[in-house]
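**Q** Pasting a structure here, questions to come.
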Amino acid sequence: MIVLGIESTAHTFGIGIYDSKKNKILSNAKHMFKPPLGIGMLPREASEHHYKECDKILKQALETAKIKKEEIDLIAFSQGPGLGACLRVGASIARFLSLELKKPLIGVNHCIAHLEVAKVTTPAKDPIMLYVSGGNTQIIAFDEGKYRVFGETQDIPVGNLFDVFARNAGLPMPGGPVIEKLALKGREYIPLPYAVKGMDVSFSGILTTASKMIGKKKIEDISYSLQETAYSMLVEVTERAMAHCNKKELVLAGGVAANKRLRQMCDTMCKEREARFFVPEFQYCCDNGAMIAVLGAIEHEAGVETKLKDSRIKTKWRTDEVKVSWI
Ligand code: AMP
Ligand code: MG
């Protein structure tokens, strides 16, 4: 079955094509909205970007996959969670293609798609996933019939911590890679609020404290301390989730998975517990259409389909609300 997947939860508009029979991702086209320097992302502007790019991305996805529109068997789209204005673009295009091509439609959960694409593109079979991005921070695993959230942020996502700190410090966006570079030159650890609350984490106190140090402490030392504190918190909670669920695999996903220090900390933790650690190829770590196509194919094979009348977007769709009929 040839599945076309559409991603549009936030800044990225992506279309991927997956051949489920061959278990092969044929293409993964995308384009990211970049807000002007110093300004955060306005959902309306991001959605306009998606409308502007969609034609080009669709063409690119079909050309790379060497597939004609008519050969597509199923249209999958990110139904949530995400920004309403952005999600609506993907959902509208998906409905349109489904009607035009007379092919079934399936709305999938963005967070679970990150995990399922990791299972297709790495040897991981039943992992815990540490999902860290600009819009999400969750520790997810399949347990007793559902994908469950074993830990998450109580306030801002970790990528957002870096982005907002960078903006406050007048650094270029996105903040994560800039802070990673600066942190390599950091020498002094500046204590920041280590906020692990049960299985959850909180980053807003770190952001406030670190922002107050701008101009008073070396930016390299603040960056180093930000990374060490935030990543230690995440790895602590992830390790506890692995122990609780008795899982022997860890997958790191989301844009923050690019960070070498976080990878190193995850790797050390896994080695100590004799677990295996995987990071999917980076194009599948960030938001992308291929992961939506992959989850669409898996769910459809299990008999799931989304009727047009049920295809409304779900901005706050939680991972643990999804009925998992395919495992
Ligand atoms: P996503 O939301 O998955 O597209 O990921 C974007 C987020 O990842 C932004 O918040 C970036 O600051 C962050 N990010 C990207 N590269 C890195 C990196 N090398 N280290 C830390 N964070 C990063
Ligand atoms: Mg994502």
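**Q** So how many residues does the range 278-305 have that are among the β-branched types (Val, Ile, Thr), within 17 Å of Ser98 (Cβ to Cβ) and open to solvent by less than 20 Å² (accessible area, probe 1.4 Å)?
**A** 1
**Q** So which of Thr306, Thr319, Thr315 is among the hydroxyl-bearing types (Ser, Thr, Tyr) and within 23 Å of Ile128 (Cβ to Cβ)?
**A** On inspection, the qualifying residue turns out to be Thr319.
**Q** Right, another one. Taking only pairs six or more apart or across chains, which ones have beta-carbon atoms under 7 Å, a first residue in the range 90-114 that is of a type in the set (D, E, K, R), and a second residue that is buried (at least 24 other Cβ atoms within 10 Å of the Cβ)?
**A** Lys103/Leu74; Lys103/Ile75
**Q** For the range 207-223, name all the residues that are touching a residue at least 24 places away in the same chain (Cβ under 8 Å) and more than 21 Å from Gly254 (Cα to Cα).
**A** If the condition is that a residue be touching a residue at least 24 places away in the same chain (Cβ under 8 Å) and more than 21 Å from Gly254 (Cα to Cα), then Ala210, Ser211, Ile214, Lys217, Lys218, Ile219, Glu220, Asp221, Ile222 are the ones that fit.
**Q** Which residue out of Tyr18, Tyr51 is at pLDDT 95 or above, of a type outside the set (Asp, Glu) and open to solvent by 30 Å² or more (accessible area, probe 1.4 Å)?
**A** One residue alone meets the criteria, Tyr51.
**Q** Just give me the residues in the range 79-134 being open to solvent by less than 10 Å² (accessible area, probe 1.4 Å) and on the phi > 0 side of the Ramachandran plot, in sequence order.
**A** Hit for the range 79-134 is Gly80, nothing else.
**Q** Return the residues of the range 108-153 that are over 25 Å from Ala91 (Cβ atoms) and assigned to a loop (DSSP other than H, G, I, E, B); say none if nothing qualifies.
**A** Thr122, Pro123, Ala124, Lys125, Asp126, Pro127, Glu144, Gly145
**Q** Moving on. Output the residues belonging to the range 172-196 that are part of a loop (DSSP other than H, G, I, E, B), surrounded by 15 or more Cβ atoms within 10 Å (Cβ to Cβ) and touching a Leu at 6+ places or on another chain (Cβ under 8 Å).
**A** Passing the criteria: Met173, Leu192.
**Q** Sort out which residues of the range 21-39 are of a type in the set (Gly, Ala, Ser) and open to solvent by 30 Å² or more (accessible area, probe 1.4 Å), and write them in order of number.
**A** Listed by number, the list holds a single entry, Gly38.
**Q** Looking only at the range 239-259, filter to residues that are within 15 Å of ligand 2 (Cβ to nearest atom) and open to solvent by 20 Å² or more (accessible area, probe 1.4 Å); which one of those is nearest to Met291 (Cα to Cα)?
**A** Here the residue is Gly255.
**Q** Residues of the range 306-321 being open to solvent by less than 10 Å² (accessible area, probe 1.4 Å) and under 23 Å from Gly145 (Cα atoms), which ones?
**A** Listed by number, the list holds a single entry, Thr319.
**Q** Tell me, please, whether a residue that is among the hydroxyl-bearing types (Ser, Thr, Tyr), touching a Pro at 6+ places or on another chain (Cβ under 8 Å) and either surrounded by fewer than 23 Cβ atoms within 10 Å (Cβ to Cβ) or not in a helix (DSSP H, G or I) (or both) can be found in the range 204-227.
**A** yes
The values are calculated or read from the model by the stated rules, or taken from the named source; none is laboratory data. These numbers come from a predicted model, not from an experiment. For neighbour counting, all protein chains shown are included, and Cβ atoms are generated from backbone atoms with ideal geometry for every residue, glycine included. Surface areas here come from the heavy atoms of the whole protein model, side chains and all, with no ligands, DNA or RNA. Shrake-Rupley method; radii C 1.70, N 1.55, O 1.52, S 1.80 Å.
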